[in-house]
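One structure is given here, and the rest of the page talks about it.
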Amino acid sequence: MIDGPRDRPRRLRRTPALRRLVAETRIHPAELILPMFVREGLRSPEPIASMPGVSHHSIDSLRRAVVEAAEAGIGGVMLFGIPTSKDAIGSGATDENGILNTATRAVVAEVGESIVVQTDLCLDEFTDHGHCGVLDASGNVDNDASLERYRDMAIAQANAGSHLLGLSGMMDGQVAVVRDALDENGLIDTAILGYAAKYASAFYGPFREAVQSSLQGDRRSYQLDPANRREGMREILTDVDEGADVVMVKPAMSYLDVLADAAAASPVPVWAYQVSGEYSMIEAAAANGWIDRRRAIEESVLSIRRAGADAVLTYWAVELARWLRS
Ligand code: PBG
């Protein structure tokens, strides 16, 4: 007979009721945000091959889907627009009748009271070269010229009724410039989500198909190097300083250390974006029968919450919210 251990953590794992009582992290539907794609010229939704279960919406199908999202009790939606024509400066982004601004007005009219309607503020879907900003004469992404475009895009999106602008372009100074532009135009209530620590990640792969990206090359001259944790913190602090209402870490699962750092230091909410590659990897493995789909989804989002995200952008937002409520 051995002397048993005095410390027995298993005692609290014994029954489902005990485990439920001592769970340190929970997910609530209100802290889930659904990214959605709306494509100009579509009459009905079209599936995105690289993201099984996710579609491009027409304006009408988008309206129906946001009503479902609101009914599921999620906290918000993040809208991405795909225009029929692109040009060097991304004109469609600042056109009040461009696809994203048109869709925003429709969605705000439909569900604007019940969930937070957010819009992606970046030029990459609208430029023919696919970069997040405009290019200079030698083909490099021109930071300050891009800021001019972001400023106009912010005003167009705020006027369309967007509650919160998702600044995902990773240009230096973007939060400050957009905050000033909004304030100068009396748009003081439009909030800013700074995609502060956005890494140059391979996990955006399926998204590039989703937005029919025309990108040649990569975004390493403006998005963060995956090697850098301290620099992620620098970007978080800069965005807070420039007036971001919320900051974000993106992608999520490969950057939980950055997320934990941000959550420990930020005075504003910290969100995380579980990106397309994170989604599609789990879907693909589940489709092959290699993992339990529902458990993998729940565990992945829980781990992002556990690392410190106050809310999570995830393509499973509505499905997960329904599971949580049933
Ligand atoms: C840029 C943007 C990207 C994503 C959201 N906003 C992609 C990029 O930097 O290429 C990625 C989202 C995802 O992969 O789910 N506007």
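Here, each number is a calculation from the coordinates, and none is a lab measurement. As the structure is a prediction and not an experimental result, all values here were calculated from the model. Here Cβ is always computed from backbone atoms with ideal geometry, including for glycine, and neighbour counts include all displayed protein chains.
Structure notes:
- Of interest is the spacing of the C-alpha centroids, which for the stretch 237-309 and the stretch 42-114 amounts to 22 Å.
- Our summary gives the stretch 27-325 a relative contact order of 19 percent, counting only alpha carbon pairs under 8 angstrom and 6 or more residues apart.
- Mean Cβ count within 10 Å, highest first, over the residues of peptides 309-317, 3-11, 296-304: 309-317, 296-304, 3-11
- Label-to-label distance, nm, for residues given as residue 7 and residue 254 (7 Å Cα→Cβ offset): 3.5 nm
- The H on the amide N of residue 36, modeled in the peptide plane, is under 5 Å from the matching H of 78, 79, 80, each at least 5 residues off or on a different chain.
- The calculated FRET efficiency for residue 136 paired with residue 21, based on their beta-carbon distance and R0 = 56 Å, is about 0.40.
- Computed from Cα atoms, the angle from the helix 256-265 axis to the main principal axis of the chain rounds to 80 degrees.
- Peptides 289-295, 174-180, ordered by how many other C-beta atoms sit within 10 Å of their residues on average, highest first, read 174-180, 289-295.
- Averaging the sequence gap over all C-alpha pairs within less than 8 Å and six or more residues apart, then dividing by the number of residues, gives the stretch 188-283 a relative contact order of 38 percent.
- The length gained by stretching the chain between residue 159 and residue 88 to full extension, at 0.36 nm per residue less their Cα-Cα distance, is 23.2 nm.
- Prolate/oblate/rounded label for the stretch 27-325 (Cα gyration tensor, a/c 1.5): rounded
- The chain: angle of helix 230-242 to the longest principal axis, Cα-based, in degrees nearest 10: 60 degrees
- DSSP beta bridge pairing in the chain, given as percent antiparallel to the nearest 5: 10 percent
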